[in-house]
Amino acid sequence: MTKRVCLVHYHEIGLKGKNRSTFENQLVKNLRRALRGEGVADIRRVSGHILVTFASGQATPDHARIIAQVPGVARVSLAYLCSLNEEEYCNAAVKALGEAGEFESFKVHARRSSTTYELHTLDIHRLVGDVLCDAFPTKRVQMHNPDIIVYVLVVQGSVYVYASSMVGVGGLPVGTAGKVVTLLSSGFDSPVATWMVGRRGANCVPVHFSGRPMTSDTSEWLCQDIVNALQPAGLIGRLYVVPFGERQREISLAVPQSLRIITYRRVMLSVAERLAQIEGAKALVTGESLGQVASQTLENIAAVNEVVSMPVLRPLIGSDKMEIMRRAQQIGTHDISAQAAEDCCTLFMPRRPETHARLDAVHQAWDSFDHERMVEELLEAIEYVDYDHCPSYKPPKQMKAWHAELAPASV
C-alpha cells in the first residue's frame, strides 16, 4: 500500500548558507515535539524538505494542521510516498488530483533529484500527464496559472506525489534566534507580540504582572490558557508571575496621579530586565502599538525605555487594533483575551493619564520612592510555572519559587 506522508517545505531556511543544517535540525526537533503522541515513525531531512512519516503509514490532515503551526514551516503537503514503479506513482497522481477539490485545469510539475533514475524530467511530465488526461478527460491541461498543479518529486530512490499544500506560519524555527523576555498580559496585544517574535526564531519567556493581592488571580489563569493556546508553535518553556498589586498601591500614593502608568511600566521593565539577565535573554518584548493608549505615545515610550539598557522590541508598533485581533484569532488566543479579567493594567488607574510626559517630571516621580528596593522585592516574590512546549528552552538555576497553584502537577 502506498504510504501517505507529510512533506514539509521551508523558505527562509533554504536561504541560509553554511549554517543551514543548524536551522533544519532545530526545525526537526520542534516538529518532533509538536507531534508528540501522534504516532510519528520518523522525521528527517530529505533534499530541501523535511519528511514526516507515521507508524500507521497514513498521515492525515490533522497532522498537517499541527505541522503548519510550527514556525519555520512555509507549507506542508500530504504526499503519497511511492517507489520508482511507474504504475504506482501514476496511480498516486490520479488520487492526488482527485482529492484536490474542484478544478478545470491542471498541469504536472516533475523534478528529479535522483540522477540514477533513467527517466528524464520531461519523460515524467509526459508519462504522468497522459495518465491524468485519461483519468480526467473533461479537464484541460494549462501550463500557465492552472487551477491545480500535480507535483512529482523523484528523491533518493523514492517518488513523492501531491497536488495541494497547507500554508504554514513561515518564519524561523524557535531556538535559532536566542532568548527574549516578553511582558505578557491577558489582553489581545502582548500574546500576539510574543507569537510574532517567537515566529522569528526566539525562545520567549513571558512574565505576567498580576494585580494580586489587590485583584483576583483570574488574569494569571488566562495567561496560562494563552500559553497553552500557543503550545503548537513551541515558543514558551516557562511563565513567570509577579504579584504587583501591593507595589502599585505604594506607587499610587507616592507619585502624581498623571504619572502612575509611566511609573508602573518603568518598574515592570526594570523587573523584566533583571529577569532577562538571569535568563540570559538579549531583549525585552512588549505589545505596545503607537498611540493606541495614553502610555504608548512617543514621549511616554521614551520615558519608559530610559530605565533599561537592554533593547525593547515592539513588533506591533505600527499595527492597529483590528489587525492585532485578526492575528489573535489566527493564533488561537482571541477568545481567551476577550474574557474580562482585572489585572495590574486596571489597578489604580488615573482619571487623566499624562500623554506627553516631560522627563524632569518623570525623574522627580521616580525618585519619590525607593524603586531599587521595590524591584528587588518583586524579584524575590516572583513565581513560575514550567511547560514542556519548547524543546530548546533551558531554565536558569537561580529561580526557585514554583507557582504551586497554577501548576499543581509540576515537580
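Taken together, the values in this text are just the output of simple stated rules run on the coordinates, not laboratory data. Given the structure is predicted, the values throughout are model-derived calculations rather than measurements. As a convention, Cβ positions derive from the backbone with ideal geometry for all residues, glycine included, and neighbour counts pool all protein chains shown.
Just a few scattered comments:
- Distance cut-off 25 Å, percentage of C-alpha pairs in region 179-386 lying past it: 32 percent
- Pair-distance distribution P(r) for the chain, from all Cα-Cα distances in 20 Å bins starting at 0: 25, 45, 23, 8, 0 percent.
- Within straight-line cross-link reach of K95, lysines at Cα separation under 19 Å, skipping those fewer than 8 residues along the same chain: K3, K107, K139
- Alpha carbon centroid spacing (whole Å) that separates region 1-76 from region 244-302: 40 Å
- Cα centroid of region 102-148 to Cα centroid of region 189-238, whole Å: 47 Å
- Peptides ranked, highest mean first, by Cβ atoms within 10 Å: ranges 32-42, 251-261: 251-261, 32-42
- Sequence ranges 3-12, 177-186, 44-53, ranked by mean other-Cβ count within 10 angstrom, highest first: 177-186, 3-12, 44-53
- Dipole of the chain [Lys/Arg +1, Asp/Glu -1 at C-beta], most positive-end residue of N19, I251, V267: N19
- Residue-averaged [θ]222 nm for the chain, counting only DSSP H segments that reach four residues, each worth -39500 (n - 2.57): -10500 deg cm²/dmol
- The chain: most fluctuating residue of M143, M325, M196 per GNM, C-alpha cutoff 10 Å: M143
- Among V242, V207, V155: highest mean-square fluctuation, GNM of the chain, C-alpha pairs under 10 Å: V155
- Straight-line reach from K394: taking Cα to Cα under 28 Å and skipping same-chain neighbours fewer than 8 places apart, the lysines in range are K16, K18, K29, K179, K282.
- Dipole moment magnitude, nearest 20 debye, region 3-167 about Cα centre, only Lys, Arg, Asp, Glu C-beta charged: 880 debye
- Tilt relative to the chain, helix 245-254 - C-alpha long axis, 0 to 90 degrees, to 10: 50 degrees
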